[in-house]
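Below is one structure, written out as structure tokens; comments come after it.
Every number in this text was worked out from the coordinates using simple rules, so none of it is lab data. Only a predicted model underlies this, so the values are computations on that prediction, with no experimental measurement involved. So basically every Cβ, Gly included, is an ideal-geometry build from the backbone, and we count neighbours across all protein chains shown.
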Amino acid sequence: MPQQQSDQPRTETVTGPLIHGVHTSVAAFLGDAPGLPGKPAFVRHPLEFLEAFSLRPDVGNAGTAGDAPSFVHDAVLGHFRNGGGGAWVLGTGPDATGVGGERDRVAAYRTALARLERLPEISLVVAPDLWRVAKDAELVAREIAAHCGRTGHRVALLHTRQGLAPADVRARPFGLAEPDARYVAVHYPWVTVTEVGGHERVVPPSGHVSGMYCRTDAEHGVRTPPTGTLVGVVRQERELTEDEEESVSRLGVNCLRLVKGRGVRALSAHTLSADAAWADVGVCRLVNFTRASLERGAPWAAFESNTARLRALIQQAATTFLKGLWRQGVLPGGSADEAFEVVCDDTNNTPEDVARGRVNLDVALAALRPAAFVTFRVRRDIGHSAAI
């Protein structure tokens, strides 16, 4: 597993077992282009990516005749240029190049996503080639959203199709329902970038956006909504009026805008969720960060006996971790009671759970404002090395 320097808040120093925050800025890029690895490969910087994979936007990317070019090259380099760190890169295999049609391509993405589930550190999933075969883009998007919802600690950065007029942007694109919609952010429109030699190319914004997410994490923390300038972007595909921006934003889609003197900027950070508690990307990612930290932060519990003492230790460790976040201002509230609640005792662990070696930790988090809690459950099987 690659090692990265964490920029997340640290827990307070106390005696007893501790839980430490996980990384929140590890992206994975999925694409159709020939030459991408069939197994996830980690690249630490742009040069390593370019040396490992001979992907050029004008050479060897087109797949079968009539296919659109791949945008993985542009997305990964845009990610690094905007402050993103090391990233996982994964191809969807030969079935995704058009041989066999729509069903094979969707299945290929499903298989690739299953491989990503084995890499718990990933927090962002980017699909630059989502619209390469337009007829199955919605099905692929649903697979990606379901993957992020299933893991419970990832956000998918997706984009609308190229050339889409503001009036044609759909409410809650891709037909996503809850809870998967809360793990997806969509950006509009596409953007123009300049390549070596001055050649301009229109590309999806998602790779540049993922780097901006990582930059925001490093500068302000995971709770801050990721908005700001996209480095390396000349302009957006089409200019939008204020009325058009407002209409698109109301649909849950994040608009990009050229701001004089400040470049092309992401103006908002919304998920596709219709639930107000989950509509803010910052809230979603804070919950994801907390859930992942609690799931993976107590390896010492895996081989303990499932007793009241163990449950008390888990509750103590979770309380210490969350209190540390509250004291640093990550969680709002005038007191710890307004910022979070944790329960891991006989009230939420039945005799059947104990017999099965299962421990439940219920968490209520004031991710948006004091005492307005978002709730979730962390479940661990005692005798195994990872949470469910």
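What the table shows:
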read-out: Residue of Ser249, Ser335, Ser123 that the Gaussian network model of the chain assigns the largest fluctuation, springs spanning Cα pairs under 10 Å; value: Ser335
read-out: Relative contact order for the chain, counting Cα pairs under 8 Å that sit 6 or more residues apart, in percent; value: 16
read-out: Neighbour-count ranking [beta-carbon atoms within 10 angstrom, fewest first] of Val259, Val203; value: Val259, Val203
read-out: Efficiency of FRET between Ala171 and Lys39 - r from beta-carbon atoms, R0 35 angstrom, step 0.05; value: 0.40
read-out: All-pairs Cα distance distribution in the chain, expressed in whole percent, bin size 20 Å; value: 28, 55, 16, 0
read-out: DSSP-loop GluC sites (Glu not before Pro) across the stretch 212-303, with at most 13 other Cβ within 10 angstrom; value: Glu239
read-out: Virtual spin-label span in nm between Leu47 and Gln316, 7 Å along Cα→Cβ; value: 5.0
read-out: Cross-link partners of Lys135 among lysines (Cα-Cα below 29 Å; sequence separation of 8 or more within a chain); value: Lys39
read-out: Those aspartates and glutamates that a straight Cα-Cα span of less than 13 Å connects to Lys260, excepting residues fewer than 8 apart in one chain; value: Glu239
read-out: Extended-chain gain in nm, criterion 0.36 nm per residue less alpha-carbon gap, Arg356 and Arg201; value: 50.2 nm
read-out: Fewest-first ranking of Phe71, Phe303, Phe373, using other Cβ atoms within 10 Å as the exposure measure; value: Phe303, Phe373, Phe71
read-out: Residue list for the stretch 149-193, given a label point 7 angstrom along the Cα-to-Cβ vector of Ala134 and an amide N cut-off under 11 Å; value: 161-165
read-out: Length gained when the stretch Arg118-Asp346 is fully extended (0.36 nm per residue, less Cα-Cα span); value: 78.9 nm
read-out: Fully extended contour minus Cα-Cα distance, from Glu219 to Ser305, at 0.36 nm per residue; value: 26.8 nm
